[in-house]
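*Asks:* Mind looking over this structure? Questions follow.
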Amino acid sequence: MASTSKLALSSAAITTTTTSAAKSLESNATAFIAFIDVSVQGGASTTTAKIQHSPDGNRWIDLASFTPVVNTTGFEAVQVTVGVFPNIRSVVTMSGATPTATVAVSLWFDPSRG
């Protein structure tokens, strides 16, 4: 990548399933990599996350899914190999006895090509 930009989708301590607000992607963006960072996890919990995209902000399609993080912390990067619609959001699902986690989900991209 010649230069990179980060679209932060979510970064919070959560205890339940959380869907981020939709964000707009730059029109010339290419070369996407999705990231998740589970920096804290407790309560015998599992964190599952995905990034979704939409052509119109109403119909959402899964773009990238991450490996579930079970009772630990973790970081993962997933290369996106398909075209991306301009509306982006994350969905983080928590499960377990008393789930709690601090989760950051972002999409990195190259804004200089188009």
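Taken together, the values in this text are just the output of simple stated rules run on the coordinates, not laboratory data. Being a predicted model, the structure only gives us computed values, none of them experimental. Cβ: placed from backbone, ideal geometry, glycine included. Neighbour counts: every protein chain shown.
*Asks:* Report the local net charge at Thr93: Lys and Arg +1, Asp and Glu -1, summed over other residues whose C-beta lies under 13 Å from its C-beta.
*Replies:* Summing Lys/Arg as +1 and Asp/Glu as -1 gives 0.
*Asks:* Place +1 on the Cβ of every Lys and Arg and -1 on the Cβ of every Asp and Glu in the chain, take the dipole about the Cα centre, and give the residue among Phe32, Ile61, Ala77 whose Cα lies farthest towards its positive end.
*Replies:* After comparing all options, I get Ile61.
*Asks:* Hey, another quick one. Which value, in debye to the nearest 20, describes the size of the charge dipole of the stretch 7-109 about its Cα centre when Lys and Arg Cβ atoms bear +1, Asp and Glu Cβ atoms bear -1, and nothing else is charged? Kindly include the intermediate steps, with their values, before the conclusion.
*Replies:* Numbers: 4 positive and 5 negative charges, 28 e Å.
Rounded to the nearest 20 debye, it is 140 debye.
*Asks:* Continuing with the same structure: How would Thr19, Thr100 line up from fewest to most surrounding beta-carbon atoms within 10 angstrom?
*Replies:* Going from sparsest to densest Cβ surroundings: Thr19, Thr100.
*Asks:* What's the center-to-center distance, using Cα atoms, between the stretch 73-105 and the stretch 11-68 in Å?
*Replies:* Cα centroid to Cα centroid, the span is 4 Å.
*Asks:* Given N residues in the stretch 7-109, what is Rg(Cα) / (2.2 N^0.38 Å)?
*Replies:* So the stretch 7-109 has a normalised radius of gyration of 1.04.
*Asks:* According to a simple spin-label model (label point 7 Å from Cα along Cα-to-Cβ), what is the distance in nm between Thr4 and Thr18?
*Replies:* The two pseudo-label positions are separated by 2.3 nm.
*Asks:* Excluding Asp37 itself, what net charge comes from residues whose Cβ is under 13 Å from its Cβ, given Lys and Arg +1 and Asp and Glu -1? Intermediate results must be reported in sequence, preceding the final value.
*Replies:* Numbers: positive: Lys6; negative: Glu76.
Around Asp37, the charge tally is 0.
*Asks:* Counting other Cβ atoms within 10 Å, keep those with at most 14, restrict to DSSP loop, and tell me which trypsin sites (Lys or Arg not before Pro) in the stretch 1-104 are left.
*Replies:* Arg59
*Asks:* Could you list which residues have their amide H under 5 Å from that of Val80, counting only those 5 or more apart in sequence or on another chain, with H placed in the peptide plane?
*Replies:* Close amide H contacts, sequence-distant or interchain: Phe32, Ile33, Ala34.
*Asks:* List the extent of the Cα atoms of the stretch 21-81 along each of their three principal axes, largest first, rounded to whole Å.
*Replies:* Principal-axis extents of the Cα atoms in the stretch 21-81, largest first: 39, 24, 16 Å.
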